[in-house]
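Have a look at the structure below, then the notes.
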Amino acid sequence: AERNFTLNFTITNLQFTADMATPNSKKFKSTEKVISYYVDPLLQKSSIGPAYIGCKVIAFRSKKTRDETGVDAVCSYRDEPSAPKFNRETIYHELSNMTNDITKLGHYSLDSQSLHIDG
């Protein structure tokens with residue numbers, strides 16, 4: 001069976017623009033590719049790595065100032081008896097460690113209070 005969880009975080013050095021709110025826009029698609037480039041390897045290295053299927057960005061949001069962009073993604077994994085079990089708290093701590101206490105994602109800076117995982 002395939003299961004989903006949501007992944008939300010805020011990038012503090014990615015300026016939000018109106019075209020990022022449109023899922024079919026060039027800006028949305030190019031930004032989604034960059035985010036996936038950074039997020040996928042982290043989840044592949046996490047405790048659910050062998051069961052991890054992938055994440056799809058579903059929305060970019062304007063935050064307090066347009067200098068920050070909220071990211072909402074839906075991620076999938078295989079929920080099989082032989083697969084590692086999904087544990088929201090474990091994944092949170094692993095991602096926290098892999099992002100320098102939720103401060104860095106590649107060349108992006110993160111709001112350290114913004115990481116949310118809901119399974």
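Could you give the distance between the Cα centres of the stretch 73-119 and the stretch 1-18, to the whole Å?
Taking the Cα centre of each part, the stretch 73-119 and the stretch 1-18 sit 11 Å apart.
I need the peptides 106-119, 34-47 ranked by packing, meaning the mean over residues of other C-beta atoms within 10 angstrom, with the highest value on top.
Result, highest mean first: 34-47, 106-119.
Would you work out the relative contact order for the stretch 2-118, in percent, from Cα pairs under 8 angstrom that are 6 or more residues apart?
40 percent
By per-residue mean of other Cβ atoms within 10 Å, what is the highest-first order of 76-82, 3-9, 88-94?
So the order, starting with the most tightly packed, is 3-9, 88-94, 76-82.
Given labels modelled 7 Å from the Cα in the Cβ direction, how far is it in nm from ASN24 to ARG3?
3.5 nm
Quick one: net charge around ASN97, please, counting Lys, Arg +1 and Asp, Glu -1 for every other residue with C-beta under 14 Å from its C-beta. Spell out each step's value before the answer.
Working: positive: LYS45, LYS104; negative: GLU89, GLU94, ASP101.
Charge balance near ASN97 sits at -1.
Once fully extended, how much extra length lies between LYS64 and HIS107, figured as 0.36 nm per residue of separation less the alpha-carbon to alpha-carbon distance?
Separation in residues times 0.36 nm, less the Cα-Cα distance, equals 13.4 nm.
Would you kindly give the portion of the calculated P(r) for the chain that falls above 20 Å, as a percent of all Cα pairs?
39 percent
Multiply the residue gap between ILE53 and THR90 by 0.36 nm, knock off their C-alpha separation, and tell me the result in nm, one decimal place.
Separation in residues times 0.36 nm, less the Cα-Cα distance, equals 11.6 nm.
Please work out how much length the chain gains when fully extended from ASN13 to ASP118, using 0.36 nm per residue of separation minus the C-alpha to C-alpha distance, in nm with one decimal.
35.4 nm
What 222 nm value per residue comes from the helices of the chain, counting each DSSP H run with n ≥ 4 as -39,500 (n - 2.57) and dividing by all residues, nearest 500 deg cm²/dmol?
The helix contribution divided over the chain gives -8500 deg cm²/dmol.
Readers should treat all values here as calculations from the given coordinates under stated rules, not as data from a laboratory. From a predicted model like this one, the values you see are computed outputs, not experimental measurements. Every residue, glycine among them, receives a Cβ derived from its backbone with ideal geometry; neighbour counts consider all protein chains shown.
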